[in-house]
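Structure record follows, encoded as structure tokens.
Values in this text are rule-based calculations from the coordinates and carry no lab data. Computed from a predicted structure; not experimentally measured. Cβ placement follows ideal geometry from the backbone for every residue including glycine, while neighbour counts extend to all protein chains displayed.
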Amino acid sequence: MLLEEKTSQEQAFEPLIVAFCCNWCSYAGADLAGTSRLQYPANVKIIKVPCSCRVNPNFVLRAFQKGADGVVIAGCHPGDCHYSTGNYFTRRRFTLLMNMLDFIGIEKERFTVDWISAAEGSKFAAVMNGVLEKVHKLGPNRKMRDKRWKR
Amino acid sequence: MKKIAKDRLPELLQKMAEAGKVYAPVNKGGKTNFSVWQPGDAADLTTLRSAVPAKSVLFPQSETYLRFAQQGKKLSIETVGGEADEYVLFGVRACDAKSFALLDKVFLSEPVDQFYASRRELGTVVAVACREPEDACFCRAFDIAADAPAGADVCVWDTGDDLFWLVQTEKGERLTARLAGLLEDAGAADDAALPALQAQIRAQLDELPLAALVAEKKHQALKQLFDDEQWLACSESCLGCGTCTYVCPTCHCYDIQDYDTGTGTERSRCWDSCMFSDFTQMAHGNPRKTQKERFRQRFMHKLVYYPNNYNEIACVGCGRCLEACPVNMNIVKVMKKIGGEAR
Amino acid sequence: MEKIAAAVRERAKRALATGEVDRVFAWKRGEFWYDVTPAVFETADETDELLWDSFCVANLSKYLTGAVRQGFKVGVFVKGCDALAFNQLLQDNRISRENVRLFGLPCPGMVDPEKLKKAKRYRGVRAVARAGDVLALQGKHGEQQVEAPAYLYDKCLVCRHPNPVVYDELLAEPQPVRTPDSDRFALVNELEAMSAEEKFLFWQEQFDKCIRCNACRNICPACSCEKCIFDNGESGVAAKANADSCEEQFFHLIRAYHVAGRCVDCGECSRVCPAGIPLHLLNRKIIKDIQAIYGDYEAGLDPNVPAPLATYRLDDADPFDGHQKGGKK
């Protein structure tokens, strides 16, 4: 690739972040971030899920294939799950998935799991800003993107 | 006859590649398959069978052939797919070359498959005789000469030191003319060596465990074959994977799939397998509900339906399914069981 | 091995003759020396064709799912890895223990014909006999003897359980374990040590060979779903087409992940792969992680111990709690 072309592409790079947020904590946290007028980037697309353990690894990989440069799963803090134990399963599942992504050579920094309560509007904004910054550094997701997909 | 020293094969491929794509057997990640030859690739003429048959060049496992998108009230349609430029398919075996003739009967009869037809027309096929046939080979049952491949544009024999080069068709003539600087004329000694090499190959074929296998068209009534009790016994070990289908040089069923690109749709076709539970799935479900029925479909197609249509069995005895089946259930066993002994 | 084979045949014959079972799942000779097919035996007379030799590598446990559902009483021969698979199917409620008579066969490791081929030992062989670790390759030019361990399947070289972990009766003397358990993670460790780019290129090259035949899935004793998401047009992930390389990446990650904590590491996925993809490495990576993070667990050892992804502990490691707030560390 020509150098100029690359630079211009990087300048134009607007990462897309998909955030799966648990209905009871993290989604309410996002709400609070909004009503508190905290700044978090518009590049974050939120998908509401009943519980963080509703998220299937398929969802994460599909998001990466179809345009996401970063994926976040946000759930209640361990111990605070609306369904008592859902996020404990989330924790195990995605610990393994993250290691697997790393194992096949995919930047695991693109994938984040975090615990955000309904009261943590500021944490929500901080997490999203952090993810965006990391993904910005990594550049567009090429290793998992379906080449047929056009934004 | 022409010839070239075997160690000059890269030069030969380089020269061919200057005029267009060259597909050759190349080992990648531990398996040899046909892929577009790049300078630096070592063509593998030792491995007898590519893991995926050479049909993948004429009939790719997956091929996008249509793109469409809607903008407002306007629908744009773009036809893609097929081959636009001449290319060379180097290094197919006699069995694979024969499989092209069988596929032709399906894809080149009306309605003609334009993508297959373009690849068939633009490709020059260079076949290589098998120096060392293996235990699972049974091409002879179908009158295929592993020592003198038919149906190719050029035949090549690997003597160990040299490659003998014998033109078969006009297309082969044109390719040979392009390679004039590299190919040299074979001498009288070489002309004598070729029959000896062929005899040596035939002697090896005689020794194979399946040498005595005779593949005859099944003469029983269709209904009788269809209801044969042996189908259940044969299919009981079948796992229902599509390995046999995908490594088969003559299997040619495909499925059509649409992909949503976010701004439009890409339509592609891809190999399908009658061993799969969703093969020919319709609104009411699958017409073949159990593995026995799916298994029967595959072998009835090869041994009965295809021969009824085209008067030939749709198998070339390449032995890939014998080697690849996870549980070693294969067409030879079926041929021997269904409709009586085939031997 | 011939002596044990005779006992195996005898036992199957007796089980069918006395009505102890309705059907026996075992192995049968095919066209040539390495060609062995799983087969169902329904009468005592048929059992003469029954076989036990160095090529009985196919796992018979998975066939039980169909037979047991049909209500048959089934006899089945299990090697060490097959017995683990049996337990896993039991744990996943795919089969019931009552209807199955398990004949255990301590396994000396199975021979890979490909390895014999690569070593140029293959041509002209007509039969292979085995005594302990010596293989006698019999051809028309006489017999040559070779050491079996050099020609065993890779998966057999790192076998942890040559002896069945569950059985109703054992038909031979137990076999020794060849290698320490740690050996099986050697390749995983090697891959882990590579850079992200190297890892990616390695797997990309491997996945590119995939032809989506589903052999890895269909042979797998942990892949026992009635309807796989990859066969379900409505799942949104089914795709026969390998139109883009990400489809294979997706398939293999999800395949490995779906058997996480249930994979008995029998290595069948890699053995059957016609493209030669080392699929078991993905599974082993998960096994290694589970052992490192959640403690010792071996799938298929005891069907009553909950699988690691079907359970949790309050004090599990939490790699996500970077902010150190809430929850237990």
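Quick look at the numbers
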quantity	calculated
The range A:13-49: chymotrypsin sites (Phe, Trp or Tyr not before Pro) falling in loop per DSSP and having at most 10 other Cβ within 10 Å	none
Computed lengthening from C:Lys118 to C:Gln138, 0.36 nm per intervening residue step minus Cα-Cα distance	5.4 nm
Ordering of A:56-64, B:182-190 by packing [mean C-beta count within 10 Å, highest first]	A:56-64, B:182-190
Lys pairs under 20 Å by Cα in the range C:186-322, provided they are eight or more residues apart or on distinct chains	5
The range C:186-322, relative contact order in percent, only Cα pairs under 8 angstrom and at least six apart counted	25
Pair A:Glu109, B:Asp44: separation of 7 Å Cα→Cβ label points (nm)	3.8
Helix-only mean residue ellipticity at 222 nm for chain B, each DSSP H run of n ≥ 4 adding -39500 (n - 2.57), per residue, nearest 500	-8500 deg cm²/dmol
Globularity ratio of chain C, using Cα Rg and 2.2 N^0.38 Å	1.07
Label-point gap, in nm, between B:Ala177 and A:Ala119 - each point 7 angstrom along Cα→Cβ	8.7
Orphan Cys of chain A, criterion: no other Cys C-beta under 4.7 Å	A:Cys21, A:Cys22, A:Cys51, A:Cys53, A:Cys81
Cα centroid of the range C:140-175 to Cα centroid of the range C:258-283, whole Å	20
Pair A:Arg142, C:Ile229: separation of 7 Å Cα→Cβ label points (nm)	2.8
Mean-position separation - Cα centroids, the range A:102-150 and the range C:179-243, in angstrom	24
Within the range C:63-99, backbone nitrogen closer than 20 Å to the virtual label 7 Å beyond the Cα of C:Glu169 toward Cβ	C:73-80, C:83, C:97-99
Spatial separation of Cα centroids for the range B:178-210 and the range B:225-297, in angstrom	41
Chain C: most fluctuating residue of C:Ala26, C:Ala222, C:Ala136 per GNM, C-alpha cutoff 10 Å	C:Ala136
Computed helical MRE - 222 nm, chain C, DSSP H runs ≥ 4 contributing -39500 (n - 2.57), nearest 500	-9000 deg cm²/dmol
Förster-model FRET efficiency, 56 Å R0, B:Leu222 and C:Glu198, C-beta, rounded to 0.05	0.50
Under Karplus coefficients 6.51, -1.76 and 1.60, residue-wise ³J(HN,Hα) of the range C:257-274 in Hz, glycine/proline x	5, 5, 9, 4, x, 10, 5, 8, 6, 7, x, 5, 4, 6, 4, 7, 5, x
Total formal charge among the other residues, if their Cβ is under 9 angstrom from that of B:Val304, Lys/Arg +1 and Asp/Glu -1	+3
Three semi-axes of the equivalent ellipsoid, the range A:30-119, Cα gyration tensor, whole Å, largest first	22, 19, 11
Shape call, chain B: gyration tensor on alpha carbons, a/c limit 1.5	oblate
Within chain A, helix-based [θ] at 222 nm, where runs of 4 or more DSSP H residues each add -39,500 (n - 2.57), nearest 500	-13500 deg cm²/dmol
Most fluctuating residue given options C:Gly30, C:Gly19, C:Gly236, as computed from a GNM of chain C linking Cα atoms under 10 Å	C:Gly236
Volume per residue that the Cα convex hull of the range C:186-322 spans, once the total is divided by residue count, Å³	151
Three-way shape label, the protein assembly as shown, alpha-carbon gyration tensor, a/c 1.5	oblate
With at most 11 neighbouring Cβ atoms within 10 Å, loop GluC sites (Glu not before Pro) (DSSP) excluded, longest segment of chain C	C:99-225
Loop-located trypsin sites (Lys or Arg not before Pro) in the range B:182-288 whose Cβ has at most 15 other Cβ within 10 Å (DSSP)	B:Lys217
Proximal lysines relative to A:Lys123, as straight alpha-carbon distance under 18 Å, when same-chain residues fewer than 8 apart are discounted	A:Lys45, A:Lys48, A:Lys134, C:Lys325
Links that overshoot a 26 Å alpha carbon limit, given the list C:Lys118/C:Lys140; C:Lys79/C:Lys140; C:Lys13/C:Lys140; B:Lys336/C:Lys155; B:Lys31/C:Lys120	C:Lys79/C:Lys140; C:Lys13/C:Lys140; B:Lys336/C:Lys155
